[in-house]
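Working notes, structure below.
The values are calculated or read from the model by the stated rules, or taken from the named source; none is laboratory data. This structure is a prediction, so every number in the text was calculated from the model and none was measured. Cβ placement follows ideal geometry from the backbone for every residue including glycine, while neighbour counts extend to all protein chains displayed.
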Amino acid sequence: MYEREARCAFSRRQTSLATGQAVGSRVTTRYDAIVVGAGHNGLTSAAFLAKAGLKVLVLEKNPYFGGATVSRELHAGWIYSNCSYVCGLLRPEIYRSLDLGRHGLQVVPYGGGVGFTRDGDVLGGYVDKEVKRREIARYSSKDSDAYLRYGRDVMRQCRLVRSLLMRTPPDPTSLKPRDLKEMLYIGGEFGKLGEAAIYDTLRFYTMSIADYLSEYFENDMVKANFAGSGIIGTALGVYSPGTAYVLLHHYMGDVDGQMGAWGFARGGMGAVSQAIARSLQSMGGEIRVNSPVAQIVTRGGKVTGVALDNGDEFEAPVVLSALDPKRTFLGLLSEQSLDASLVKRARNFKIRGSSGKINIALDGLPSFPALGPNHPLLAGDMHFLDSLERFEKAYDDFKRGTWSKDPYLDLLMPTMTDPTMAPPGKHFMSVFVQYVPALIEGRAWTADDREAFKKTVFAQISRYSPDFEKLVLHAEVRTPQELESEVGLTEGNIFQGELTFDQLLFNRPFPGFAQYRGPAKGLYLCGSGSHPGGGVMAAPGANAAREVLLDLRRPTTVPGSWSDD
Amino acid sequence: MRSPRAHYLQVVKHTPFHTRTHAANQLNLWHRWRDYTVSDAYFDVALEYTALRNACAVFDISPMTKHRISGPDALPFLNRLVTRDVSKISEGRVGYCVWCDDRGQVIDDGTIFHLGQNDYRLCSQERQLDWLVRSALGFDVQIREETAEIAAIALQGPTSAAVLRAMGISCIESLTPFSISVVDLAGAPLMISRTGFTGDLGYELWVAPTHAEQLWDALFEAGALYGIKPMGTHALEMARIEAGFIQAGVDFLPADRAIRTDRTRSPFELDLTWLVDFNKDHFTGRAALLFERTRGPRYRLVRLDVEGNKPAKDAYIYDDKRRVVGAVTSSLWSPMCKASIALASVEVTRGSPSDTLWAEIYYQKELKWSRANARCRVVSEAFYTPARRKLTPPPNI
Amino acid sequence: MIKQKPTVVIGAGHNGLVAAAYLARAGQAVLVLEAGAHVGGAAATHEFFKGFRVSSVSHLTSLLDPVVHNDLSLARHGLVFAKTHVKSVALAVDQEALVFEGAQLLAGTLSELDRAAFAPFVKRMQRFASVLGRQHGRVPPRLQWDRLIDAWPAARFGLDVRRLGREDMREFLRVITMAIQDVLDEEFSSDHLKGALAMDAVLGTKLGPRSGNTVFSYLHRHSGQGHLGVALPQGGMGAVSQSLAAAARDAGAEIRLNSKVTSLEVSAGAVAAVLLESGERVEASTVLSSLDPKTTLLALLGARHLDTELAQRVHHFRSIGTAAKVHIALSGLPQFRGVQPEHVGERLLICPSAEYADEAFNAAKYQRYSEQPLMELSVPTVYDATLAPPGQHVLSAIVQYAPYDLKGGWEQARAPFEALVMQVLERYAPGIGKLVLATELLTPVDLERQFGMTGGHWHHGELSMDQALMLRPVHGIAQYQMPVQGLFLCGAGAHPGGGVMGSAGRNAAAVVLKRPS
């Protein structure tokens, strides 16, 4: 089937970038390094390796590249960011180092967000902090001041986490100088927090978002307003310990130094992978689409290359897999070549899908009576759960094996900000939906399920936007099943694995494999399944490239963190 | 009336004096003070400052955060909140105070107005409702933010008393510094406190927002003969530094906003030891401050008389061995002292009056940048404290 | 009569008594003030029906600190166990019960794989638990970079983890924050077994098997360093307290009953006296409170004597009890489905699967009680004839989840809840209803009223990672010494937490004795 290339509709100047096409005859070509999977992390790894002068090939199973960082024209004239949809985590060090701005990436901040209550009011997350405070004060004046303390404490945690993003986690069981040094570094960063904040950090990592928020806020709507970030992409509820960290994962980004801010990639999220790809290609790297890898070939405990589904083989002493750990270990490597304990680890890796997506082409701007026309927050994210109990009940449905009947939505219309994604006056609406299980009561999704699921979501939106449904021209429903079959995210988990402490830092993806190296010499993991995890951050890809270059004894091209003092 | 949720349409609000300040603001220079807009300068900063030191000047302080604290436990609550003994602030008096977090680091400074029995007002630079409410656990008090309910204006300068006299307000004869009196302004209560942020003779006037414009007009009518002028934040800042007053967010980082926890200061480190009373009952930060008293503080706040005529803006402070020991937090060419003066935070081992410090000053004249190393003398008193500030009855001019 | 200013211990619960005994043995004049009419606090035995006595709250010991047992010669002071190494018997309606004790699987239908995985799993968990167990007798660390000496216990903890060896250490660091169900799913396929093991992780907590931190609570439950396993004290839990009281008195401590402390008097940042409900004032410069942290610091002391942030942390200490107690006087020995007659006196568990526990937990989240509650049952009279008339029996049931903050309140919910409990019991022990002579229900609200534990929480507060070790009860006061000079916390709200353990009392006494005079 012919898939139209993702491209920037507004400028229309982009032509096909993917150099390789499916190759008919059996060939063997040698490279210095091969990256499996052309998602943003795979491309990032490749770009840094190319920057170091390596001959690099990226192999992508789909006819388009970008993985879950794509812009797709699935309805004529509309560009969908049909997986990831906002950009805030992308490490600025990488952005700059790969010259993504000059390669066409433009990240633009959007204005705030808004929560709707069932009784027709809103809680606006205005960009101006005084306006936001006054808005919270409409619900609780105490909470409006507590918000400042909340922001401070979350920022303290963000600073700590950010200092670890562009580093390789130490192995706490190791006594190697580098590991000890890194442990000391982490200890030092901890120490800088000061005693009280150290304890707060320990609590933060083991608390539920509900308990955490209760230490700041009294009003349920205010809590609900902040709770969403604690569960996005996670198969946990707001009362589950560990969700406070997930919140952090959504706060630690920034747009031009505005910590916690989110933006759009102009032209859709595909613009991110396009820019990285251009950067890669400008340095001589090669991308082949329509090239699904069947196997990573190893000989005598060493990687020798990869074999494609069609039998083509490519040789390289270094192979990086941007696929998730399950697909890498249980799919690309032969089980026999792995230790039983490693197979068990890979099998037990928690990679539960918990979210879905509906991408919608709209014939016009839907009205949201609670906001009124021309409201600035029409450009922001919209949420419709106004109590923690509704959040938790949404999770209960999921635990019982079905999608939430009253789901958490993160709804955005990027076209309110970005004119490139739909014809003038028309809109693209991106609806992130949680919770959505990978299987319905243990079985695969059916067409009826998908239809019923769509109805559930539309019903919630329509409650706050009566004219929404009649504006719908096209809707793409993506359950975890589609995310797995199309993008290759196992169980449709958007982070390539749960972001709980047992799968973070030196535990990501599993203990003993957190330093990007796989079980065979020359094999590396460079996807979100590795530290520091998911989101369009590109840090795992960059960190993996650093380890490769270290092993090859080449000077690194990967930037370190910028100091923020 | 617009729905309350439409407040976002007016991001920055007007103070109750806005019609008057707007009319007076010939330069159209404004500055955002949290929710409100206030004048940076009205006609000329130097002349506004001169009005303050030579006649009198009016500054709109309505945006200042005001909290009302009342109830049977109001006094014990405040005593647990701030470091000084509030029981010594009798009814009708005002007290300057600071409050600290558990680590003994200063959250903010402010003034406590003892309005009546079990009834206090706390004025501060930063918003404090969260901290106050959290501190109220176990106390029978009511705490309410009342910033928008009171219009306030500072009338400062040598002729300020004369202006009030001309308005027929006789109670000022006996009003001592840090005292409060309430008079009648066209049927509404007008509270007068002999307080201010200028180190000069001066008053702050408090009235219901509905009577704000009336108050402004009355002041300017009565003050016409006494050189009354409106004054913006720039002129006030000059007076503040001359008086040696510190300001949250400028001379210290409010502890409850600190993301980097090592950037904050204790009262000892801000030269506010006199505000800490270990003999009263428990207050937040007491244990930490007791410990600090034995261990010694890390920094000290010094007032510097800087040699030469260049303001030491943002200057690093060096000791005799060319080692960086601190930095300037506020600086000014003082028209009254005819000196370059500065407040600086330096390591505690340096900065006693006998020490010589150096300020590394960068300045430019006609786009040419120069560097000067200016010798600094540590002064122990405020830079400028006119005697009239403390005289009761206050002098006429 | 005590002449010198006494060291006062508030509350004659087991931890208070342990602290009193240690202090008295060290030569201090100790006065224990107990609000109730008997010693033991929640570690007590009471008569709930004529001739029928039962452990009031906790009914089995597994954590009793062996050092305390030994130091205070509890055996000499009358502590006898009617049964040690009590087995766990996981009930099922439609199959043979699973019986296990420690890593030994004694009966039950399981797949070969599950059977093979059981012992290694339990043993590994025991190794992990012993790392926690080793911390029980230590004062938790403070993490101050400028006072590294206080961080020494943290380094020791690190060394304990390291001593596990590389593989175990890695696994320990991975699982310690996990949900028990995720770990069980990695190892086993049997719902029945997973339910039984999950029960140990959630009992006494406001967590479900899918909640993170439940591996930690599982480990805590197994962190006892004793050699008795799970044990049944002769005469009920009150016997433990009686022996502790005897040890304390023997060492010279005075225990005054019916002496409720209502407040603490503070002068110049130090404790000066305790005030009793009777109006009496007892001067004291050293006071240990075995009451829960909220009662001690916010009610007796008062938030005004604390710094704001600390007071807030104590205020937010999570202490919503979720476990109720049901006591039933039976005219004969009940029969349980799938249970061999010789196992009726063991620890019987109703939690047929982890999903069952999870559903039960869901109710607690919304302040409702579980329609299908978990239960831990004990029929102590099988081994202990002192608790009921001959031939008759007592059934003691811990029933969960029965949240303290029940929507609508417990008053109107009592009858339906009791009926529900009987209904569930009837399913597992058909005919039990006909044996019932009397029942007693103690909800968390009752427990709070009777024993003064805030929220009716058995452990004085949730034992999750964010309230454990140097975070227990809250950071800044995890070293037993409270911020007011002379005041110490010695109850379950302090490290290492709840369960009839006595370690908190022992550690607090050690801190008091070590303090520079």
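Filtering the range C:212-234 to residues that are modelled with pLDDT of 95 or more and within 10 Å of chain A (Cβ to nearest Cβ) leaves C:Thr214, C:Val215, C:Phe216. For the range B:260-286, the set of residues classified as within 14 Å of chain A (Cβ to nearest Cβ), surrounded by fewer than 21 Cβ atoms within 10 Å (Cβ to Cβ) and part of a loop (DSSP other than H, G, I, E, B) consists of B:Arg260 only.
Kindly indicate whether C:Gln412 is at negative phi and either in a loop (DSSP other than H, G, I, E, B) or crowded, with 23+ Cβ neighbours inside 10 Å (or both). Here the answer is yes, as C:Gln412 does meet what is asked. Under the condition of being charged (D, E, K, R) and surrounded by fewer than 18 Cβ atoms within 10 Å (Cβ to Cβ), the residues counted in the range C:360-371 number 2. For the criterion of being crowded, with 20+ Cβ neighbours inside 10 Å and not hydrophobic (A, V, I, L, M, F, W, C), A:Pro559 fails. Residue count for the range C:278-298 satisfying the condition of being out of contact with any Gly (no Cβ under 9 Å at 6 or more places or on another chain) and free of Cβ contacts under 8 Å to residues at least 40 places away in the same chain: 4.
Every listed requirement among (1) more than 8 Å from every other protein chain (Cβ to nearest Cβ); (2) closer than 23 Å to C:Ala492 by Cβ; (3) out of contact with any Phe, Trp or Tyr (no Cβ under 6 Å at 6 or more places or on another chain) is met by C:Leu207 save one, (1). Restricting attention to the range A:328-345, the residues that are surrounded by fewer than 24 Cβ atoms within 10 Å (Cβ to Cβ) and in a helix (DSSP H, G or I) total 12.
For the range A:503-525, the condition of being more than 14 Å from chain C (Cβ to nearest Cβ), touching a residue at least 24 places away in the same chain (Cβ under 8 Å) and in a helix (DSSP H, G or I) holds for none of the residues.
Yes/no per residue for (1) more than 13 Å from chain C (Cβ to nearest Cβ); (2) free of Cβ contacts under 8 Å to residues at least 60 places away in the same chain; (3) acidic (Asp, Glu); (4) buried (at least 23 other Cβ atoms within 10 Å of the Cβ):
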site: A:Leu202; (1), (2), (3), (4): no, yes, no, no
site: A:Ile209; (1), (2), (3), (4): no, yes, no, yes
site: A:Ser214; (1), (2), (3), (4): no, yes, no, no
site: A:Glu218; (1), (2), (3), (4): no, no, yes, no
site: A:Gly230; (1), (2), (3), (4): no, yes, no, yes
site: A:Gly237; (1), (2), (3), (4): no, no, no, yes
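Among the residues of the range C:114-124, is there at least one that is buried (at least 16 other Cβ atoms within 10 Å of the Cβ) and in contact with a strand residue (DSSP E or B) (Cβ under 7 Å, 6 or more places away or on another chain)? Within the range C:114-124, one or more residues are buried (at least 16 other Cβ atoms within 10 Å of the Cβ) and in contact with a strand residue (DSSP E or B) (Cβ under 7 Å, 6 or more places away or on another chain). Selection over the range B:248-259 of residues that are away from chain A (no Cβ under 12 Å), surrounded by 17 or more Cβ atoms within 10 Å (Cβ to Cβ) and in a loop (DSSP other than H, G, I, E, B) gives a count of 1. All of A:Ser404, A:Ser387 fail the test of being surrounded by 23 or more Cβ atoms within 10 Å (Cβ to Cβ) and not β-branched (Val, Ile, Thr), apart from A:Ser404. Taken over the range A:110-126, the criterion of being more than 7 Å from chain B (Cβ to nearest Cβ), out of contact with any strand residue (DSSP E or B) (no Cβ under 8 Å at 6 or more places or on another chain) and farther than 16 Å from A:Ser465 by Cα is satisfied by A:Gly111 alone.
For every residue, the table says whether it meets (1) free of Cβ contacts under 8 Å to residues at least 60 places away in the same chain; (2) within 14 Å of chain C (Cβ to nearest Cβ).
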residue	(1), (2)
A:Phe349	no, yes
A:Ile358	no, no
A:Ser367	no, no
A:Gly380	no, no
A:Leu409	yes, no
A:Thr415	yes, no
A:Pro423	no, no
A:Met429	no, no
A:Trp445	yes, no
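Residues in the range C:34-73 that are part of a strand (DSSP E or B) and either under 16 Å from C:Gly456 (Cβ atoms) or not hydrophobic (A, V, I, L, M, F, W, C) (or both): C:Gly40, C:Thr45, C:His46, C:Glu47, C:Arg53, C:Ser55, C:Thr61. Applying the set (1) free of Cβ contacts under 8 Å to residues at least 40 places away in the same chain; (2) assigned to a helix (DSSP H, G or I); (3) buried (at least 17 other Cβ atoms within 10 Å of the Cβ); (4) more than 9 Å from chain A (Cβ to nearest Cβ) to C:Met169 leaves exactly one unmet item: (4). Does B:Leu27 satisfy the condition of being at pLDDT below 95, more than 14 Å from chain C (Cβ to nearest Cβ) and surrounded by fewer than 18 Cβ atoms within 10 Å (Cβ to Cβ)? Against the criterion (at pLDDT below 95, more than 14 Å from chain C (Cβ to nearest Cβ) and surrounded by fewer than 18 Cβ atoms within 10 Å (Cβ to Cβ)), B:Leu27 does not qualify.
So which of C:Leu113, C:Leu143, C:Leu159, C:Leu132 ends up being of a type in the set (A, V, I, L, M) and not assigned by TED's automatic domain parsing to the domain that holds C:Phe188?
Selected residue: C:Leu113, the only one of C:Leu113, C:Leu143, C:Leu159, C:Leu132 that is of a type in the set (A, V, I, L, M) and not assigned by TED's automatic domain parsing to the domain that holds C:Phe188.
On inspection, A:Glu441 fails the criterion of being surrounded by fewer than 23 Cβ atoms within 10 Å (Cβ to Cβ) and closer than 27 Å to A:Gly88 by Cβ.
Table: residues versus (1) within 13 Å of chain C (Cβ to nearest Cβ); (2) under 30 Å from the mean Cα position of the chain (by Cα).
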residue: A:Lys132; (1), (2): no, yes
residue: A:Ser141; (1), (2): no, no
residue: A:Arg152; (1), (2): yes, yes
residue: A:Cys158; (1), (2): no, yes
residue: A:Val161; (1), (2): no, yes
residue: A:Leu165; (1), (2): no, yes
residue: A:Asp171; (1), (2): yes, yes
residue: A:Glu195; (1), (2): yes, no
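Within the range C:288-333, the set of residues being of a type in the set (Gly, Ala, Ser), surrounded by fewer than 24 Cβ atoms within 10 Å (Cβ to Cβ) and assigned by TED's automatic domain parsing to the domain that holds C:Ala468 comprises C:Ala299, C:Gly302, C:Ala303.
Against the condition of a type outside the set (Lys, Arg) and more than 30 Å from C:Ala268 (Cα to Cα), how does B:Ala287 come out, does it pass? Let's see the steps before the verdict.
Numbers: of a type outside the set (Lys, Arg): yes; more than 30 Å from C:Ala268 (Cα to Cα): no.
The answer is no for B:Ala287.
With respect to the conditions (1) more than 22 Å from A:Trp262 (Cα to Cα); (2) of a type outside the set (Asp, Glu); (3) out of contact with any His (no Cβ under 8 Å at 6 or more places or on another chain); (4) surrounded by 18 or more Cβ atoms within 10 Å (Cβ to Cβ), A:Ala361 falls short on a single one, namely (3). Among the conditions (1) crowded, with 21+ Cβ neighbours inside 10 Å; (2) within 14 Å of chain C (Cβ to nearest Cβ); (3) more than 30 Å from B:Ala148 (Cβ to Cβ), A:Phe190 misses just one, which is (1). Of all residues in the range A:409-434, which are assigned to a loop (DSSP other than H, G, I, E, B) and in contact with an Asp or Glu (Cβ under 7 Å, 6 or more places away or on another chain)? Answer for the range A:409-434, where residues must be assigned to a loop (DSSP other than H, G, I, E, B) and in contact with an Asp or Glu (Cβ under 7 Å, 6 or more places away or on another chain): just A:Lys426.
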